[in-house]
Amino acid sequence: MNISTAFSSGRLTIFLSGELDHHEARCTLNTIDELLDEYLPRDCVLDMAGLTFMDSSGIAVIIRTSRRMKALGGRVWIENPAKQALRVIDASGIDRLVPVATGK
């Protein structure tokens, strides 16, 4: 799992690439927590274009990030989910809680 970021005008974009499974989820959660503490963004975007695999652990990452952003008074959404990640997102129904922009 690789994580990179971009921050501009109160918006933190977190680019996730590689595999987000139960082995990577804890480290990913810790990294995202550190980034949110560092930047204190108004908006947080989880860009999932680079994910080659995501299981239900990815849903936990999304939910935790959403809760943290609500606690900060901000918003979170998902952008560009790769095809396989989008299937997991659709199956979970998480898109009812966190907006998903597919770019289509």
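The values are calculated or read from the model by the stated rules, or taken from the named source; none is laboratory data. Worth saying up front: this structure is predicted, and the values here are computed from it rather than measured. All Cβ positions, glycine included, derive from the backbone under ideal geometry; neighbour counts span all protein chains shown.
Write out, first by first residue and then by second, each pair whose Cβ atoms fall under 8 Å of each other, whose residues are 6+ apart or on separate chains, and whose first residue, in segment 81-104, is over 16 Å from C44 (Cα atoms) and of a type in the set (G, A, S) while the second is at pLDDT 95 or above and assigned to a loop (DSSP other than H, G, I, E, B).
G103/N80
Residues of segment 59-104 being assigned to a loop (DSSP other than H, G, I, E, B) and among the small types (G, A, S), which ones? Lay out the reasoning, then the answer.
Looking only at segment 59-104, we keep the residues that are assigned to a loop (DSSP other than H, G, I, E, B), and these are 72-74, 80-82, 93, 97-99, 102-104.
Once the filter is applied, which keeps residues that are assigned to a loop (DSSP other than H, G, I, E, B) and among the small types (G, A, S), segment 59-104 yields G73, G74, A82, G93, G103.
Here's the yes/no breakdown for (1) in contact with an Asp or Glu (Cβ under 8 Å, 6 or more places away or on another chain); (2) not acidic (D, E):
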position	(1), (2)
I14	yes, yes
D21	yes, no
A25	no, yes
D33	no, no
K70	no, yes
G74	yes, yes
V88	yes, yes
S92	no, yes
R96	no, yes
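Take the conditions crowded, with 17+ Cβ neighbours inside 10 Å, among the aromatic types (F, W, Y) and outside any loop (DSSP other than H, G, I, E, B) and apply them to F15. Does it pass? Steps first, answer last, please.
On the way: crowded, with 17+ Cβ neighbours inside 10 Å: yes; among the aromatic types (F, W, Y): yes; outside any loop (DSSP other than H, G, I, E, B): yes.
Considered against the rule, which asks whether it is crowded, with 17+ Cβ neighbours inside 10 Å, among the aromatic types (F, W, Y) and outside any loop (DSSP other than H, G, I, E, B), F15 comes out as yes.
Among (1) over 16 Å from L12 (Cβ atoms); (2) of a type in the set (F, W, Y); (3) within 12 Å of the chain's Cα centre (by Cα), there is one condition F53 misses while meeting the rest; what is its number?
(3)
Could you count how many residues in segment 19-58 are buried (at least 20 other Cβ atoms within 10 Å of the Cβ), among the hydrophobic types (A, V, I, L, M, F, W, C) and not in a strand (DSSP E or B)?
Summing the residues that are buried (at least 20 other Cβ atoms within 10 Å of the Cβ), among the hydrophobic types (A, V, I, L, M, F, W, C) and not in a strand (DSSP E or B) in segment 19-58 gives 3.
Please go through (1) in contact with a helix residue (DSSP H, G or I) (Cβ under 9 Å, 6 or more places away or on another chain); (2) in contact (Cβ under 8 Å) with a residue 40 or more places away in the chain for G50 and return the number of the only condition it doesn't satisfy.
In the conditions (1) in contact with a helix residue (DSSP H, G or I) (Cβ under 9 Å, 6 or more places away or on another chain); (2) in contact (Cβ under 8 Å) with a residue 40 or more places away in the chain, G50 misses (1) alone.
Being closer than 21 Å to E24 by Cα and surrounded by 16 or more Cβ atoms within 10 Å (Cβ to Cβ) is the filter; apply it to segment 70-83 and report the residue that is farthest from the chain's Cα centre (by Cα).
Quick first cut of segment 70-83, residues closer than 21 Å to E24 by Cα only: 76-83.
When the remaining residues are screened for being surrounded by 16 or more Cβ atoms within 10 Å (Cβ to Cβ), the result is 76-82.
On the way: V76: 8, W77: 7, I78: 6, E79: 8, N80: 11, P81: 10, A82: 12 Å.
The residue in question is A82.
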